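Written below as structure tokens is the structure these notes are about.
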Amino acid sequence: MSRRDFLAKVALVAALLALAGCGWFAERWEWNQKLTVEVLVDGETVSGAAVSYVRWQEANALDHYPTAYRGEATVVDLGERGLLFALIGEPTKYIAGYTLHEELGERRSDYETLYPKIASFRGVREVAREAYPLLVTFTDIADPATVRRVDPDDLVDTFGPGVALKRVTLEITDEAVTEGEVEAVLRWLGEYPETPLGRSPDSFAPVFAATVNNGNFVRR
């Protein structure tokens with residue numbers, strides 16, 4: 001083989017690896033998942049649900065698994081008690097694996113065998129406590145800086161007596177991704193997902209609002 005032919009083959013292999021790294025030939029697994037939050041309010045069950053989209057891709061040339069998600073937070077209207085939000089974010093991509101891996105006979109870390117099974121699975125399952133999304137509310141729905149973390153084990157502390165989390169479920173579904181429900185109640189929500197809801201005057205003691213951003217409520 002001539003040096004010229006050898007270099008041409010090296011260039012071809014490099015180009016193919018680059019294309020693989022960009023995902024041109026990579027296998028993808030994608031699904032829509034509905035997160036439903038049920039809350040007991042004075043003995044009555046109220047609930048909210050939202051459908052988000054998740055995509056995983058097999059490892060690229062750098063042994064990274066490219067991922068993506070979009071959708072919006074789940075909103076539960078507790079009437080006079082206020083609104084409860086189950087946020088989206090990086091955990092959104094992993095919640096199906098936490099919820100379904102044992103039933104599907106796979107370890108959570110075995111992405112390339114677990115996620116194809118999730119993509120073809122249909123059904124509703126209860127989410128384990130350790131996989132719950134972050135729950136928040138607002139003391140003033142018109143002021144994003146008043147966002148407050150909600151303890152899923154103690155909704156009474158936030159919403160008063162008679163309120164308790166009943167369960168959180170996840171469904172792999174063919175339903176469309178939810179749109180517009182969060183914007184309908186959070187009129188101030190901006191278009192830039194990285195924008196935090198608040199800023200701390202002391203960088204060494206960040207307020208909770210600085211750890212939550214627009215993208216935890218809506219990501220398109």
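The values are calculated or read from the model by the stated rules, or taken from the named source; none is laboratory data. In this text the structure is predicted, and so the values were computed from the model without any measurement. FYI the Cβ positions are ideal-geometry reconstructions off the backbone, even for glycines, and counts take in every protein chain you see. Ligands, DNA and RNA are excluded from the accessible area calculation, which covers all protein heavy atoms including side chains. Shrake-Rupley method; radii C 1.70, N 1.55, O 1.52, S 1.80 Å.
Tabulated data
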read-out	value
Matching residues, segment 50-81, being surrounded by fewer than 19 Cβ atoms within 10 Å (Cβ to Cβ) and of a type in the set (Gly, Ala, Ser)	59, 61, 68, 79
Candidates 131, 86, filtered to the one that is open to solvent by less than 30 Å² (accessible area, probe 1.4 Å), of a type in the set (A, V, I, L, M) and free of Cβ contacts under 8 Å to residues at least 60 places away in the same chain	131
Any pair with Cβ under 7 angstrom, 6 or more apart, that starts in segment 165-178 at a residue that is over 17 Å from residue 93 (Cβ atoms) and ends at one that is open to solvent by 50 Å² or more (accessible area, probe 1.4 Å) and not in a loop (DSSP other than H, G, I, E, B)	166/40; 166/45; 167/126; 169/124; 169/125; 169/126
Qualifying residue in segment 198-206 (condition: of a type in the set (A, V, I, L, M, F, W, C), over 22 Å from residue 131 (Cβ atoms), crowded, with 16+ Cβ neighbours inside 10 Å and at pLDDT below 95)	no
Filter result (β-branched (Val, Ile, Thr), part of a helix (DSSP H, G or I) and under 16 Å from the mean Cα position of the chain (by Cα)) within segment 82-136	92, 95, 99, 118
